[in-house]
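J.: Below you will find the structure I want to go over with you.
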Ligand code: F6P
């Protein structure tokens, strides 16, 4: 091995720079060069177009010469985002672009490629690797924590911390005004982030798509009953977490689902009050506010836990290359870093996309589901 490549693909998340750091350190120690591919597959096209020469893309322990960021990699590991840049979706529309990507890869003379990506982007890069005969190693990253075969992905822990901090901060304003704060949390189709962030942040209600696919009238009534119960016991405020993957009443994806839920809770509370049932006597005073946490969940200083995972994953990826074990995904399983056949992972990802969300927290995270239910 003389030269390997590394790229970050899909939505960014905290901890990507820490993976890059780990890979560069471990690879350099073995005497290998590391080429940082800018903007995922776009970078290969730019190389093919002659916009970059390999030597311009060399990553060293001293960092990466991006304007404004001339820090050593040891400092960069504390920064969110990715020094390499990323693409939300790897863009290539037709055979011409695929050929260009493959040509760019060839031009770089890489012995292997490490792709840090989520389920969607790993799927795309896996496909390219099959066509181009690349020696590929995948590293899972996503705040959604929905890459199959790994219990943890880079970025998830920091995002959980962000949701947790937001709930902590919202508690005081909610309590001061006796309000119900509805907090919409990212996660795409999956509820892992809402579940973990919600439990850690002390949410009173957590809605995840795997258990509550849509905001049916029954669901809204149950939430109001829980709020009424809290109020009867003297707790006048409540925190409600809803994963963005929960659908509207009609079962269809709903933009600003948190806003819809906040309105539905306020409306239903008044209706319940009008029933004359004493359990709901003060529900006409329930005020709700909605907040979309949004892309703040993709940022924040990577937690120590994410940086540890990044270090372990980066090291493992380099070890796999040294052993000549390609087409693997680095994973975390039962307290250890391991690797899985990338073909199996991608087959499962494709199956999941056909079936809907998976891995479901109901299957993989039953402990936390149990905690939330209690
Ligand atoms: O997959 C990560 C994620 O942050 C999801 O939680 C969210 O739905 C999506 O990406 C947002 O994507 P974009 O940055 O393209 O708006």
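All of the numbers you see were taken from the coordinates with simple rules; none came from a lab. Being a predicted model, the structure only gives us computed values, none of them experimental. So basically every Cβ, Gly included, is an ideal-geometry build from the backbone, and we count neighbours across all protein chains shown.
J.: Limited to the stretch 172-205, what total is found for residues that are within 16 Å of the ligand (Cβ to nearest atom) and assigned to a strand (DSSP E or B)?
T.: 3
J.: Mind checking which residues of the stretch 36-56 are in contact (Cβ under 8 Å) with a residue 40 or more places away in the chain and outside any helix (DSSP H, G or I)?
T.: 36, 37, 38, 39, 40, 49
J.: For the stretch 1-35, which positions are outside any strand (DSSP E or B), in contact with a strand residue (DSSP E or B) (Cβ under 7 Å, 6 or more places away or on another chain), within 16 Å of the ligand (Cβ to nearest atom) and at negative phi?
T.: The answer is 9, 13, 16.
J.: I've got another one for you. Let me confirm something: among 209, 148, 213, which residue is in contact (Cβ under 8 Å) with a residue 24 or more places away in the chain, within 16 Å of the ligand (Cβ to nearest atom), on the phi < 0 side of the Ramachandran plot and in contact with a strand residue (DSSP E or B) (Cβ under 8 Å, 6 or more places away or on another chain)? Outline the logic, then answer.
T.: Values: 148 fails: in contact with a strand residue (DSSP E or B) (Cβ under 8 Å, 6 or more places away or on another chain); 213 fails: within 16 Å of the ligand (Cβ to nearest atom).
Unique residue meeting the criteria: 209.
J.: So which of 93, 127 is over 16 Å from the mean Cα position of the chain (by Cα) and outside any helix (DSSP H, G or I)?
T.: None of the others qualify; the one that does is 93.
J.: Let me ask you something else. Before we move on, is residue 114 in a strand (DSSP E or B) and either out of contact with any helix residue (DSSP H, G or I) (no Cβ under 9 Å at 6 or more places or on another chain) or crowded, with 21+ Cβ neighbours inside 10 Å (or both)?
T.: yes
J.: Restricting attention to the stretch 265-279, does a residue exist that is in contact with a strand residue (DSSP E or B) (Cβ under 7 Å, 6 or more places away or on another chain) and over 18 Å from residue 163 (Cα atoms)?
T.: The answer is yes, given that some residue of the stretch 265-279 is in contact with a strand residue (DSSP E or B) (Cβ under 7 Å, 6 or more places away or on another chain) and over 18 Å from residue 163 (Cα atoms).
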